[in-house]
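To start, the structure itself, in structure tokens.
What follows is calculated from the coordinates using simple rules that are stated; it is not laboratory data. Here the structure is a predicted model, which means the values were calculated and not measured. Every residue, glycine among them, receives a Cβ derived from its backbone with ideal geometry; neighbour counts consider all protein chains shown.
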Amino acid sequence: MALQALVTDIHSLSAHDGPGMRTTVFFKGCSLRCAWCHNPETIRKEQEITWEAEKCLGCHACEMVCPVKAISFNRESNYIIDRESCIACELCVEVCPAEALKTAGEKYSVEELYERIVKDEPFIKGAGGGVTFSGGEPLLQVDFLKELAKKLKERSFHLALDTCGMVPPEHLQGMLPLTDLVLFDLKEMDSRKHKVFTGAGNERILRNLFVMRDYIRERNLKTEVWIRTPLIPGMTDTEENIYAIGDFLAQEFSGMISRWELLGFNNMCTTKYRKLGISWPLAEEELLPAGQTRYLLEVARKAGKGLKEISFSGLTRREKVVPPRMNG
Ligand code: SF4
Ligand code: SF4
């Protein structure tokens, strides 16, 4: 059977996922459950239905058509879906007169996704960009990914792989010869906290960093590596964590990592959680204060001595300016 992948979105003109202007493909399915996930529609590996309250007319056509009775409405007329029962037949999406229901996750063959990406070729190559495989965790669909990457490489696209590192090592190794840049997430050095924040300890992720380093060195690959650390309020944004990551990277990976990026938290994905019917504890969380991100960047630079480039990107909150007291 021809290989197929589930993709939730394809962003053209993305400026955040590697050098230049890029086309970023979001693969569905993830091996972690990060409390701050910005793409909650990519977490489950199955297709799922999203609902927009603002568009819904309350006609109940979806409820009536569902063959497995997975849809109901509560007293406040909020749509409730039993995701375990849903068989993703999309009958509810077809029947909805208001387009309030959508399917997260579209099936693509290698050829279909390749053709879609190639449409962006003029602006990608004109702006020194490339293609980024993101998610979710793209390496969970590694056979598909390798086929697609081979075809794109024949056309000389710059390819980036955005991974959480929580994957079988052979999946990572299999993609490295086809990858120009790995964007590797390293979120928390304390494994116990990592488990609380993401649902799993960090041992496998750290092991895979070494696997990647050795594989690149032994084969003399030109693959570049950027490490990315999200700064999440009350979780990963501690001096202790940033120092520990910087120290670890400087000790073990100096010379191999060309950039370490600290990424600021924002809650702009709140509507995505709402559409999935998930209550997200970080929905009201504010941006980090600018002073704190500056301080954490200093900590990172101190700990990560020898690393080529350490930067912060994202939005920050301005601290309140207290006016000076007037005499008299
Ligand atoms: S996709 Fe099909 S099974 Fe799932 S809720 Fe809609 S109608 Fe029911
Ligand atoms: S079919 Fe669409 S408009 Fe009607 S109740 Fe369902 S989601 Fe709302």
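Work out, step by step, the length gained on full extension between Q251 and M268: first 0.36 nm times the residue separation, then minus their alpha carbon distance; give nm to one decimal.
Gain on extension, Q251 to M268, equals 2.6 nm.
Hey, what number do you get for the chain at 222 nm if only DSSP H runs of n ≥ 4 count, each worth -39500 (n - 2.57), divided across all residues, to the nearest 500?
Working: 11 runs with 105 residues, N = 328.
Mean residue ellipticity, 222 nm, calculated: -9000 deg cm²/dmol.
Would you mind computing, in nm to one decimal, how far apart the modelled labels at E46 and E115 are, each placed 7 Å from Cα along Cα→Cβ?
About 3.0 nm, to one decimal.
Which Cα, out of V131, P19, I81, lies furthest along the positive dipole direction of the chain (beta carbon charges, K/R +1, D/E -1)?
Toward the positive end, the furthest listed residue is P19.
What net charge do the residues around G135 carry, taking every other residue with its C-beta under 12 Å from that of G135, with Lys and Arg at +1 and Asp and Glu at -1? All intermediate terms of the calculation are to be shown ahead of the outcome.
Details: positive: K28, R44, K45; negative: D9, D17, E41, E137, D162, D185.
The answer is -3.
If R0 is 22 Å, what FRET efficiency do you get for E309 and K153 from their C-beta distance, rounded to 0.05?
On the way: r = 26 Å, r/R0 = 1.18.
The value I calculate is 0.25.
What is the list of residues in region 36-59 whose amide nitrogen lies under 18 Å from a point 7 angstrom out from the Cα of E285, following Cα to Cβ?
Zone members listed by number: 36-43.
For K302 and V68 in the same chain, what is the full-extension length gain: residue separation times 0.36 nm, less their Cα-Cα distance, in nm? Working shown, then result.
Details: separation 234, 0.36 × 234 = 84.24 nm, distance 5.76 nm.
Using 0.36 nm per residue and subtracting the Cα-Cα distance, I get 78.5 nm.
As a test of the definition: which semi-axes, in Å, follow for the chain when you take the square root of five times each eigenvalue of its alpha carbon gyration tensor? Largest first, please.
Working: eigenvalues 238, 166, 67 Å².
Over the Cα atoms of the chain, the ellipsoid semi-axes are 35, 29, 18 Å.
By the scheme Lys and Arg +1, Asp and Glu -1, what is the net charge of all other residues having a beta-carbon under 13 Å from that of L209? Could you put the intermediate results ahead of the total?
Numbers: positive: K187, R204, R207, R213, R217, R228; negative: D185, E203, D214, E252.
That sum, taken over residues with Cβ under 13 Å, equals +2.
Quick check: pseudo-label points 7 Å beyond the Cα along Cα→Cβ at E76 and C89, how many nm apart are they?
Taking the simple label geometry, E76 and C89 are separated by 3.0 nm.
Need one number: convex hull volume per residue for region 65-186, Cα atoms only, in Å³.
Values: hull volume 22.2 nm³, N = 122.
It comes to 182 Å³ per residue, whole-number rounded.
Go through 156-166, 60-70 and give me the packing order, highest mean Cβ count within 10 Å leading.
Values: 156-166: 21.7, 60-70: 15.5.
Packing proxy ranking, top to bottom: 156-166, 60-70.
For a distance above 14 Å, tell me the whole-number percent of Cα pairs in region 48-104 that qualify.
Values: 719 of 1596 pairs.
The proportion of pairs with Cα distances above 14 Å equals 45 percent.
For the chain, give the share of DSSP beta bridges that are antiparallel, in percent and rounded to the nearest 5; count only bridges with both residues there.
35
First select every other residue whose beta carbon is under 13 angstrom from the beta carbon of V225; then total the charges, Lys and Arg +1, Asp and Glu -1.
Details: positive: R213, R217, K222, R228, R259, K308; negative: D162, D180, D185, D214, E224, E252, E261, E309.
Residues near V225 contribute -2 overall.
If each residue of separation counts as 0.36 nm, what is the full-extension length gain between F210 and H38 once their alpha-carbon separation is subtracted? Mind showing how you got there, number by number?
Details: separation 172, 0.36 × 172 = 61.92 nm, distance 2.70 nm.
Roughly 59.2 nm would be gained on extension.
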